[in-house]
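The values are calculated or read from the model by the stated rules, or taken from the named source; none is laboratory data. What you see is a predicted model; the values in this text were computed from it and never measured. Every residue, glycine as well, gets a Cβ built from its backbone with ideal geometry; the counts of neighbours run over all protein chains shown. Just so you know, the surface numbers come from the protein's heavy atoms only, side chains and all, with ligands and any DNA or RNA stripped out. Shrake-Rupley method; radii C 1.70, N 1.55, O 1.52, S 1.80 Å.
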Amino acid sequence: MSRQDINRSGEMEVFVSVVERGGFSAAATARRMTPSAVSKLVARLETRLGARLVNRSTRRLQLTPEGCAFYERSIAILADITEAEHQASTGEQASGRIRINTSGSFGNHLLAPLVPAFMALHPAVTLDISHTDRIVDLMEERADVAIRAGPLKNSSLIARKLGATGKIIVASPDYLSRHGKPRTTAVLRRHCRIGFSYARAIEGWPLREDGQTVTIPITPGVQVGDGEAMRHLALSGAGLARLADFTVRADIDAGRLVPVLEEANPGDLEEFYALYMGKGGPLPARVRALLDFLVSHVHF
């Protein structure tokens, strides 16, 4: 069967039904198919993709990591198709207010410079932007889109990946002149390391040491609730900070901050996503326009 002959959106719809209804039989009933036809369709899909999507057992159906990723992308793609059809049939234009919740670092360094271009493309749209690093409930905050770092944890949300950034330890020239520049992880442990006041996926700084990655714990004299505040503390000489590359690159180029222990940097990346509620029907044109714009214009 040629690539043109494959109804990929139809396969995605059936696969999504299998996941959301918890099995082949329930999906078959919903799709008006036989259970064997649904099972064969998923098997053909796995063969074409070269990856197992579900682990089958007599008791329950369990998604593999590849299956979880394919499910999330299928939801987003099917929503895109529905929205494209809706806009084509109604001629709907992007208009109205978009509420965006993002971290201060992303908002100041990446989002703000893009706002003029987006507003020029969509003059009927207004933006309401709030900054916080804490995890928010989109419905409670009445946000249309949240921009966050890290993997998707809430299955009720859909994520569109915006890109990834490296992390870097920095300090001000003033701090280093007073305390010296640490050149080993052992010396680093004796320095003031500015930390976050909220729980993180990794509570510490990963660094390469003797060919292995170790995590340096943070016992900070100063804690803050957002990355932009941490950057300003580092600039003021309060201590060392480990921050996303895009937040401190201009400071490094200008000499306001200095990289520390780059030879021990493990090269880990922090991924950023635009999160939105997308399972309740087609997205408004204004939200779709913003998501498409961010995906194509955000560059780390």
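For this structure, a couple of remarks:
- All positions within the stretch 275-300 that are open to solvent by 50 Å² or more (accessible area, probe 1.4 Å) and either assigned to a helix (DSSP H, G or I) or not hydrophobic (A, V, I, L, M, F, W, C) (or both): K279, G280, P282, R286, D292, V295, S296, H297, H299
- Of the residues in the stretch 25-45, none is part of a helix (DSSP H, G or I), over 22 Å from the mean Cα position of the chain (by Cα) and within 30 Å of A289 (Cα to Cα).
- Here F272 fulfils each of the conditions (1) loosely packed, with under 14 Cβ neighbours inside 10 Å; (2) in a strand (DSSP E or B) apart from (1).
- Segments classed as helices (runs of 4 or more DSSP H), wholly inside the stretch 117-227, with at least 2 members that are at pLDDT below 90 and open to solvent by 50 Å² or more (accessible area, probe 1.4 Å): 138-141
- Residue match in the stretch 232-239 (condition: touching a Cys at 6+ places or on another chain (Cβ under 9 Å), more than 17 Å from R160 (Cβ to Cβ), of a type in the set (G, A, S) and surrounded by 18 or more Cβ atoms within 10 Å (Cβ to Cβ)): yes
- Inter-residue pairs, beta-carbon under 8 Å, first under 18 Å from L207 (Cβ atoms) and in contact (Cβ under 8 Å) with a residue 40 or more places away in the chain and in the stretch 163-180, second among the aromatic types (F, W, Y) and in a strand (DSSP E or B), 6+ apart: T165/F272; I169/W205
- Selection status of L257, in contact with a Leu (Cβ under 9 Å, 6 or more places away or on another chain), open to solvent by less than 40 Å² (accessible area, probe 1.4 Å), modelled with pLDDT of 90 or more and of a type in the set (A, V, I, L, M, F, W, C): yes
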